[in-house]
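Before I ask anything, here is the structure I am working with.
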Amino acid sequence: MRAPSTDREIIVEAESGRVYVDRETGETLEVVGKLLPLAPSESKLPWAVEHLRFCNWCDQLAQRDLNDCPHCDRRMDPVA
Ligand SMILES: [Zn+2]
């Protein structure tokens, strides 16, 4: 995230819907980048808790828009 007046950038583990404020200037921070899963993942979703679920086979985290688990390659149950 970036503070518009100073261009100071920080990395935060942000929650969607929350507003983050710069500690020095008090202004609202702009989102300038999101962490995305590395290739060769098929997922287009940012790596964030609300987009993840547990594989029913190996119990590892996987993005909700994937059908096959990126860890064990098995077909996961449909998202409830
Ligand atoms: Zn798995």
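Taking the range 47-56 as the region of interest, how many residues are part of a loop (DSSP other than H, G, I, E, B) and either without any contact (Cβ under 8 Å) to a residue 12 or more places away in the chain or touching a strand residue (DSSP E or B) at 6+ places or on another chain (Cβ under 9 Å) (or both)?
2
State all residues of the range 32-57 that are among the hydrophobic types (A, V, I, L, M, F, W, C), exposed (fewer than 14 other Cβ atoms within 10 Å of the Cβ) and at pLDDT 80 or above; if no residue qualifies, say none.
Within the range 32-57, V32, F54 qualify.
So which residues in the range 7-40 are closer than 17 Å to P70 by Cα and in contact with a strand residue (DSSP E or B) (Cβ under 7 Å, 6 or more places away or on another chain)?
Answer for the range 7-40, where residues must be closer than 17 Å to P70 by Cα and in contact with a strand residue (DSSP E or B) (Cβ under 7 Å, 6 or more places away or on another chain): just P37.
Conditions (1) within 15 Å of the ligand (Cβ to nearest atom); (2) within 18 Å of the chain's Cα centre (by Cα); (3) without any contact (Cβ under 8 Å) to a residue 12 or more places away in the chain, marked per residue:
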site: R2; (1), (2), (3): no, yes, no
site: I10; (1), (2), (3): no, yes, no
site: V19; (1), (2), (3): no, yes, yes
site: D73; (1), (2), (3): yes, no, yes
site: D77; (1), (2), (3): yes, no, no
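How many residues are closer than 15 Å to E42 by Cα and free of Cβ contacts under 8 Å to residues at least 12 places away in the same chain if we restrict to the range 57-67?
The number of residues fulfilling the criteria is 2.
The values are calculated or read from the model by the stated rules, or taken from the named source; none is laboratory data. Note that this is a predicted model, so its numbers are computed, not measured. With ideal geometry, Cβ positions are generated from the backbone for all residues, glycine too; neighbour counts draw on all protein chains shown.
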